[in-house]
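Here's the structure we're looking at; comments come further down.
FYI, it's all coordinate maths here, none of it is from the lab. Computed from a prediction, not measured in an experiment: that's the story for all the values here. Every residue, glycine as well, gets a Cβ built from its backbone with ideal geometry; the counts of neighbours run over all protein chains shown.
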Amino acid sequence: MSSRWMTGVGTGPADARRRARALADSAWQYAAFALGLPPFAARTAGRPATEARRLAAYLLAVGADVSLTATARLLGCDRASVRRDLAALEEARSDPMVDRQLDELMQGWEALVRLQAPAPPGRGATENPLRPSPRGEGRISARNPG
């Protein structure tokens, strides 16, 4: 994830889109890293890219609470693909080893994002920057594509 997106943190739509794109880029890169792929090779065709997209969708939808529609838009696929990817990962979680690996993947990515993201205006430094505020500010949804 580039540090360029962290400068000039604002609250406008363009800033929200820039933060959402940076979050998606970090999810792609972290998924590629977890699979042993070069950072942006995960966006090519083939099975490794599909697995990287599946993990990136999981990180965004589950870890950052991004809507399925916005996750699909950020990853360049359709909502049905994201839903299918998430269902496949949730099914695979029945294996304790997969469950542990996904938990570790999520914890590592959340720690990385917390280190790279400044606290949004009006939030304390101890709050999770991946989760929306109680009022729903900053939530990425179909109406606010981020």
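Highest mean packing comes first when the peptides 73-79, 63-69, 88-94 are listed by Cβ atoms within 10 Å, giving 63-69, 73-79, 88-94.
Put a dot 7 Å past the Cα of Glu104, heading toward its Cβ, do the same for Arg17, and the two dots end up 3.9 nm apart. What does the net charge come to around Leu35 if you take all other residues with beta carbon closer than 12 Å to its beta carbon, with K and R at +1 and D and E at -1? Around Leu35, the surrounding residues sum to +2.
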